[in-house]
Amino acid sequence: MLTATLPRFLLNGDKGTMSFDLDNVEGAAGDYSISVKTSGPVKVTGNPTTTVKLAAKQRTSMALALDAGGAGTANLDVDIKGPNGLTLARHYALDVKAATQVLARRSIRTLAKGESLTLTPDMFSDLVSGTGSVSLSVSLSTALDAATILEALDRYPHGCSEQITSRAMPLLYVNDLAAGAHLAMDTAVDQRIKDAIERLLARQGSNGSFGLWSAGGDDAWLDAYVTDFLTRAREKGFAVPDVLFKNALDRVRNSVVNANEPEKDGGRDLAYGLYVLARNGTAPIGDLRYLADTKLSNLATPIAKSQLAAALALVGDKTRAERVYGAALDALAPKPVLEFGRTDYGSALRDAAALVSLASEGNAPRATLTQAVQRVEVARGLSPYTSTQENAWLVLAARALSKETLALDIDGSPVKAAVYRSYKADAMAGKPVKLTNTGDAPVQAVVSVSGSPVTPEPAASDGFKIERNYFTLDGKPVDVTKAKQNDRFAVVLKITEAKPEYGHIMVADYLPAGLEIDNPHLVSSGDSGTLDWIEDGEEPEHTEFRDDRFTAAIDRASDDKSVFTVAYVVRAVSPGKYVLPQAYVEDMYNPSRYGRTGTGSVEVRPAK
């Protein structure tokens, strides 16, 4: 009888332990040889074959050291040979991850007539093996690089209802980007859309509303956004149960009926609600015309004006629609700035991208569309970081332009439209990709290389500072670098936001492989009895306790205190020497505001 114990996962650079318990329940006495073969990103250090002498009914234990290098699934095959021709075989799989967060390097190149660009595998030389990929977008715009954006959405690690919707909405239109077969999605697109529909409907309350992290809520803009996605999914043939869809639509209709006049609250929820109703053929045309004729200047955001224009286009009022599209364009500042504290998940970039998508959908004048794209280009330059909300609308905007005719050549094959392609590093081994502009007009090529860097990024503070400290459960500071098996620690994450802003904040702490979260019920909050020594404890909106990380979603207001903490409890479980990854905090809808710790190391020594 053989029992093997492995860490739940390993990180690149870890030195972990595979423990064996061998129990000679019914076998003969004699020599037993145990050999371990590995494939993938793990190697056995020392002799992979061990011989032990076992008497009848005797039990013994042994351990093998494992070295992790790279990322992917490691396979371990254990073979046992004993007296009288006894053979036993066991197979184990172990997930090996990068110890660093994914980074993306985005570069833009203008290709004149006849110029070429070649993508080569050496782009991935400073990335952890198994994590690299490259996205190539070639179009008339530098900002609407759909391949880069879809990849960012694909790997986004968190899952509030806005984020689930933003990741799934663009997938409805992937094939419109003339690129479905080349976007290197990890799983089938249709299944991901079905899964998103199921997850969102699980967040629907009995009154039809959607919560950000749990069932039901009080956010009319979010209700409209989710219902917009469900509407589009039904248009594409995906099943959404009639009763639940009707509840969602009724909720949007009630919000519209009970909405304040736009001069009171800016009409953000009202405009989106009317657009969703128009898309479903039930918008009150009189209300649309009333808003366009008398309240247009009171709509506070460019996206609200764009949604009103698109709703008018859907009901056939082309003249008013064109006028309101023009007003939406005028509302987009030619020189935008980063905005803080918007309650509709938005930004200048999101609003400009939404105008491109909605204006294209409503057949707005060509000049409106062209100028809106220029606004997107300028806003995209404000920050290297984009939110899920921005990314979703950027893909919809790229779809609006994907009908542009270009003349390109990729590895000898002519292409007559915009190109959006992604390639995994291993698929490019020895196979460079060459792109040539065979047309007369210049084109914009955006290349985005992403993956986990071998060398960790240093600690950083930009709007937030995050500090991670370890304590005994009664509050005494402790050195986690020298832990023993079964030791328990409180991990305290202290965040300082020098100038508090309204925002949806995410705190994420990635665990070293030798530690595991011990008891989720002990997470600190303002009134936690077990960790009541913690100061400035914050009650998160939502927490997740996963094998490899702890996350806490926190809603902040501009009048909150600058310092807040969250905490959780871990136990040292698996002997070895491990990388201690970074903890980070970010404003999910203004990701230029973030903070991260440095990396470190942890050693877990055997209990005996």
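For the stretch 571-587, filtering for residues that are more than 15 Å from Ile495 (Cα to Cα) and buried (at least 18 other Cβ atoms within 10 Å of the Cβ) leaves 10. Only a single item in (1) among the small types (Gly, Ala, Ser); (2) modelled with pLDDT of 95 or more; (3) closer than 30 Å to Ile34 by Cα is not met by Ser116, and it is number (3). Of everything in the stretch 214-234 that is of a type in the set (D, E, K, R) and touching a residue at least 24 places away in the same chain (Cβ under 8 Å), the residue that is surrounded by the fewest Cβ atoms within 10 Å (Cβ to Cβ) is Arg232.
Does Tyr423 satisfy the condition of being in contact (Cβ under 8 Å) with a residue 12 or more places away in the chain, under 24 Å from the mean Cα position of the chain (by Cα) and either assigned to a helix (DSSP H, G or I) or not assigned by TED's automatic domain parsing to the domain that holds Ala278 (or both)? So Tyr423 fits the description; yes.
Considering only the stretch 39-54, I want to know if a residue exists there that is of a type in the set (A, V, I, L, M, F, W, C) and part of a loop (DSSP other than H, G, I, E, B). No, there is no match, as no residue in the stretch 39-54 is of a type in the set (A, V, I, L, M, F, W, C) and part of a loop (DSSP other than H, G, I, E, B). Of all residues in the stretch 482-499, exactly one satisfies the criterion of being in a loop (DSSP other than H, G, I, E, B), of a type outside the set (D, E, K, R) and touching a strand residue (DSSP E or B) at 6+ places or on another chain (Cβ under 6 Å), namely Gln485.
If the condition is being outside any strand (DSSP E or B) and either within 27 Å of the chain's Cα centre (by Cα) or outside the structural domain of Glu501 (by TED's automatic domain parsing) (or both), then the stretch 562-578 contributes only Ser562.
With respect to the conditions (1) out of contact with any Lys or Arg (no Cβ under 6 Å at 6 or more places or on another chain); (2) crowded, with 16+ Cβ neighbours inside 10 Å; (3) not basic (Lys, Arg), Ala71 falls short on a single one, namely (1). For beta carbons closer than 7 Å, sequence separation of 6+ or different chains, a first residue in the stretch 11-22 that is more than 17 Å from Arg90 (Cα to Cα) and a second that is basic (Lys, Arg), the qualifying pairs are Leu11/Lys97; Lys15/Lys577.
Here Val415 clears all of (1) assigned to a loop (DSSP other than H, G, I, E, B); (2) touching a strand residue (DSSP E or B) at 6+ places or on another chain (Cβ under 9 Å) except the condition numbered (1). Considering (1) outside the structural domain of His542 (by TED's automatic domain parsing); (2) touching a helix residue (DSSP H, G or I) at 6+ places or on another chain (Cβ under 9 Å), the lone condition that Val433 does not fulfil carries the number (2). The conditions of being assigned by TED's automatic domain parsing to the domain that holds Gly273, more than 28 Å from Val373 (Cβ to Cβ) and in contact with a Ser or Thr (Cβ under 9 Å, 6 or more places away or on another chain) are met by Arg199.
For the stretch 424-443, the criterion of being buried (at least 22 other Cβ atoms within 10 Å of the Cβ) and within 13 Å of Thr148 (Cβ to Cβ) is satisfied by no residue at all. Taking every residue in the stretch 584-608 that is in contact (Cβ under 8 Å) with a residue 24 or more places away in the chain and pairing it with any residue that is among the charged types (D, E, K, R) and outside any strand (DSSP E or B), at least 6 positions away or on another chain, the pairs with Cβ-Cβ distances below 6 Å are Asp587/Arg593. Restricting attention to the stretch 94-105, does a residue exist that is among the hydrophobic types (A, V, I, L, M, F, W, C) and in contact with an Asp or Glu (Cβ under 6 Å, 6 or more places away or on another chain)? Looking for residues that are among the hydrophobic types (A, V, I, L, M, F, W, C) and in contact with an Asp or Glu (Cβ under 6 Å, 6 or more places away or on another chain), one finds none in the stretch 94-105, hence no. Are any residues in the stretch 547-561 more than 14 Å from Phe340 (Cβ to Cβ) and part of a strand (DSSP E or B), and if so, which ones? Hits for the stretch 547-561 are Arg549, Phe550, Thr551, Ala552, Ala553, Ile554, Asp555. If only residues of the stretch 313-345 that are at pLDDT 95 or above and not in a helix (DSSP H, G or I) are counted, the one that is surrounded by the fewest Cβ atoms within 10 Å (Cβ to Cβ) is Gly316. Annotation: of all residues in the stretch 274-291 being out of contact with any helix residue (DSSP H, G or I) (no Cβ under 7 Å at 6 or more places or on another chain) and not β-branched (Val, Ile, Thr), the one that is surrounded by the most Cβ atoms within 10 Å (Cβ to Cβ) is Pro284.
When you scan the stretch 427-448, do you find a residue that is assigned to a strand (DSSP E or B) and without any contact (Cβ under 8 Å) to a residue 24 or more places away in the chain, even just one? For the stretch 427-448, residues assigned to a strand (DSSP E or B) and without any contact (Cβ under 8 Å) to a residue 24 or more places away in the chain: absent. Kindly establish whether Val492 is β-branched (Val, Ile, Thr) and within 28 Å of Met123 (Cα to Cα). Answer is no for this residue. Just for the stretch 33-74: of the residues that are closer than 14 Å to Gly130 by Cα and not aliphatic (A, V, I, L, M), which one is farthest from the chain's Cα centre (by Cα)? Filtering the stretch 33-74 for residues that are closer than 14 Å to Gly130 by Cα and not aliphatic (A, V, I, L, M), the one farthest from the chain's Cα centre (by Cα) comes out as Ser39.
Exactly one residue out of Thr51, Thr38 is farther than 30 Å from Ile149 by Cβ, surrounded by 18 or more Cβ atoms within 10 Å (Cβ to Cβ) and without any contact (Cβ under 8 Å) to a residue 40 or more places away in the chain: that is Thr38.
The values are calculated or read from the model by the stated rules, or taken from the named source; none is laboratory data. Only a predicted model underlies this, so the values are computations on that prediction, with no experimental measurement involved. With ideal geometry, Cβ positions are generated from the backbone for all residues, glycine too; neighbour counts draw on all protein chains shown.
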